[in-house]
Amino acid sequence: MERQMLRASLEKLEQKGYLMVCNVPVDPKFELGAVLKYFKNEQPILFNKVKGSKIPIVGGLFGNRQIYYEMLQMEHQERFQRIADAIARPKPARLLKGGPVTENLITRNIDLPSLMPIPTFHEKDSSSFITAGIMVVKDPENGKRYISVRRFQINGGNKISALIASPMLTRQFESLEKQDKALEVAIVLGYDYSLLLASQISSETYGVDKYEVDSALRGEPLELVKCHSVDLEVPAHAEFVLEGVMSPHQREWEGPFGELMGYYGPRGSHPIIEIKTVMHRNNPIFQTTFPCREEHLSNGMIRELELYSDVKRMADVRDVNVTIGGGCRFHAVVSIHKTAEGDGKSALIGALSSSKDLKHVVVVDEDIDIFDRDDVELAVATRVQASRDVIIIPGALGSGLDPSHHIRGVTDKMGMDATKPLGEEGLRFQRARIPQYENIDIKKYFPHGG
Ligand SMILES: Cc1cc2nc3c(=O)[nH]c(=O)nc-3n(C[C@H](O)[C@H](O)[C@H](O)COP(=O)(O)O)c2cc1C
């Protein structure tokens, strides 16, 4: 039985019947991504026969909320408590002398495209991309570890380009660059649900060691090993680790790349990483993620925690949904227990202050299922009067991942108060219900399948 990381997850997914296995040859150029996209990236799939390589690829692991909860053994209602506890009370990771990922070591003639099957996803993508890599670095000044998912463009041989949207990491790299020094990095492939979730916590906001947050979240120490050629630690049970340096004063064109919302992100000049060592397990599996919104669920789950806390300051919040359709960052639906007129607007103020990326928010009463789009639409259709219930804040800072933000360099924010009025007027909104509907056993009426 596997202990941690991808192999342990695959075992569990298989036991639960969630893993699909594809034994038909699949081309990593376009075809593999097309299959993942067909299932909206919500279906874990192991591609055993990848054209041009002996190494299988796994994808679609992280796009389904229910599977995510099950793999973390977490109930939907307890998610905020569990994640907040792990951030507030991180637990030490455990350093091992060796682990499966150190079984193979490559230090010479590194040619990434021939070492691993790296998919190309969209027609106009500039190259093939490693889309699921967790990058590990240490702050050169205080030695703190930082990990986060970044995308890496394959430039040929042992060179890749990194897209880094983190102001902190950019500052760290630029300060080293001024001293003509390189930043050591490790890129991890073959991790699991807990580590991905921990990796999505903002370093700028929390400044925590995400390996330790992961250890708290998984309920046991994350097992690490030291890298071979850089002073960094990586998960012992990972599939692949690429070790290298982000060299000073070197940039390469990166992009275009079909990204988060399904649009192409533009070409830009970004730092390059030279890979010096590749470590991998015996019979490794390459981990990928289709570069689209469903795989950002983990990021959205951290945003939900922050949104929930911010609305809580203003109203009696019951639950929040940072929706997949909104890229797990642009749209949110918030449910509250309304006790005073004005609660809906207060909740909107709290919500819109939660993140610069959040663009449109709908606040509903607790009788609305915020994970059911039809139910939310019902609230908007029947409980909103635009002249009173829609708030627009023109020209705020938005997200660079929203193409419409670039037209003016700013983004309008909109909040919709779709809560019903209190008191006598509220009685108009009582939902018609059938007694015992929730308990109906439909098979009883159609014993032969209807
Ligand atoms: C599938 C996936 C791909 C991502 N790709 C990138 C990326 O290419 N560049 C980036 O800066 N952030 C990317 N992110 C977001 C960061 O991983 C995330 O914002 C993280 O919290 C940043 O951590 P930091 O605060 O330590 O920088 C991605 C996230 C996911 C889930």
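The values are calculated or read from the model by the stated rules, or taken from the named source; none is laboratory data. Quick caveat: nothing in here was measured; it's all calculated off a predicted structure. Don't worry about glycine lacking a Cβ; one is built from the backbone with ideal geometry, like all the others, and counts go over all protein chains shown.
Hey, could you check segment 168-199 for residues that are surrounded by fewer than 20 Cβ atoms within 10 Å (Cβ to Cβ) and within 10 Å of the ligand (Cβ to nearest atom) and say which is farthest from ARG3 (Cα to Cα)?
Here the residue is THR170.
Which number in (1) within 16 Å of VAL245 (Cα to Cα); (2) buried (at least 22 other Cβ atoms within 10 Å of the Cβ); (3) more than 20 Å from the chain's Cα centre (by Cα) marks the one condition that LEU112 misses?
Result: LEU112 fails condition (2) only.
Please state which one of ARG329, ARG373 is charged (D, E, K, R), closer than 30 Å to GLY258 by Cβ and in contact with a helix residue (DSSP H, G or I) (Cβ under 9 Å, 6 or more places away or on another chain).
Among ARG329, ARG373, only ARG329 is charged (D, E, K, R), closer than 30 Å to GLY258 by Cβ and in contact with a helix residue (DSSP H, G or I) (Cβ under 9 Å, 6 or more places away or on another chain).
Under 9 Å by Cβ, and 6 or more places apart or on different chains, what pairs join a residue from segment 222-242 that is closer than 14 Å to PRO100 by Cβ with one that is at pLDDT below 95 and in a loop (DSSP other than H, G, I, E, B)?
GLU223/ARG3; ALA236/ARG3; HIS237/GLU2; HIS237/ARG3
For every residue, the table says whether it meets (1) within 16 Å of the ligand (Cβ to nearest atom); (2) crowded, with 23+ Cβ neighbours inside 10 Å.
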residue	(1), (2)
ARG281	no, no
PRO291	yes, yes
ASP310	no, no
HIS331	no, no
VAL334	no, yes
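I need the full set of residues from segment 137-162 which are within 11 Å of the ligand (Cβ to nearest atom), farther than 22 Å from LEU112 by Cα and either outside any loop (DSSP other than H, G, I, E, B) or of a type outside the set (Lys, Arg) (or both), in order please.
ASP139, ARG145, TYR146
Being within 11 Å of the ligand (Cβ to nearest atom), hydrophobic (A, V, I, L, M, F, W, C) and either part of a helix (DSSP H, G or I) or modelled with pLDDT of 95 or more (or both) narrows it down to one residue among ALA132, ALA165; which is it?
The conditions single out ALA132.
Being part of a loop (DSSP other than H, G, I, E, B), closer than 17 Å to LEU10 by Cα and without any contact (Cβ under 8 Å) to a residue 12 or more places away in the chain is the filter here, so list the residues in segment 48-95 that pass it.
Answer for segment 48-95, where residues must be part of a loop (DSSP other than H, G, I, E, B), closer than 17 Å to LEU10 by Cα and without any contact (Cβ under 8 Å) to a residue 12 or more places away in the chain: just GLN73.
Which of the numbered conditions does ALA165 fail, given that it passes all the others? Conditions: (1) more than 22 Å from GLU11 (Cα to Cα); (2) buried (at least 16 other Cβ atoms within 10 Å of the Cβ); (3) among the small types (Gly, Ala, Ser).
Tallying (1) more than 22 Å from GLU11 (Cα to Cα); (2) buried (at least 16 other Cβ atoms within 10 Å of the Cβ); (3) among the small types (Gly, Ala, Ser), ALA165 fails exactly one: (2).
Could you tell me how many of the residues in segment 58-88 are within 14 Å of the ligand (Cβ to nearest atom) and closer than 22 Å to VAL208 by Cβ?
4
Within the bounds of segment 405-420, is there any residue that is at pLDDT below 95, of a type outside the set (Lys, Arg) and not in a helix (DSSP H, G or I)?
yes
Taking the stated definitions as given, is GLU366 exposed (fewer than 14 other Cβ atoms within 10 Å of the Cβ), over 23 Å from the mean Cα position of the chain (by Cα), of a type in the set (D, E, K, R) and modelled with pLDDT of 95 or more?
So GLU366 fails the test.
Which residue out of GLY156, GLY99 is of a type in the set (Gly, Ala, Ser), touching a residue at least 40 places away in the same chain (Cβ under 8 Å), within 19 Å of HIS228 (Cβ to Cβ) and out of contact with any Gly (no Cβ under 9 Å at 6 or more places or on another chain)?
GLY99
Hey, any hits in segment 242-253 for a residue that's within 14 Å of the ligand (Cβ to nearest atom), farther than 23 Å from HIS296 by Cβ and in contact with a helix residue (DSSP H, G or I) (Cβ under 7 Å, 6 or more places away or on another chain)?
Yes: segment 242-253 contains one or more residues that are within 14 Å of the ligand (Cβ to nearest atom), farther than 23 Å from HIS296 by Cβ and in contact with a helix residue (DSSP H, G or I) (Cβ under 7 Å, 6 or more places away or on another chain).
Report yes if GLU254 is touching a strand residue (DSSP E or B) at 6+ places or on another chain (Cβ under 9 Å), at pLDDT below 95 and surrounded by 22 or more Cβ atoms within 10 Å (Cβ to Cβ), otherwise no.
no
Being under 22 Å from GLY400 (Cβ atoms), under 21 Å from the mean Cα position of the chain (by Cα), acidic (Asp, Glu) and not assigned by TED's automatic domain parsing to the domain that holds GLU177 is the requirement here; does GLU259 meet it?
Considered against the rule, which asks whether it is under 22 Å from GLY400 (Cβ atoms), under 21 Å from the mean Cα position of the chain (by Cα), acidic (Asp, Glu) and not assigned by TED's automatic domain parsing to the domain that holds GLU177, GLU259 comes out as no.
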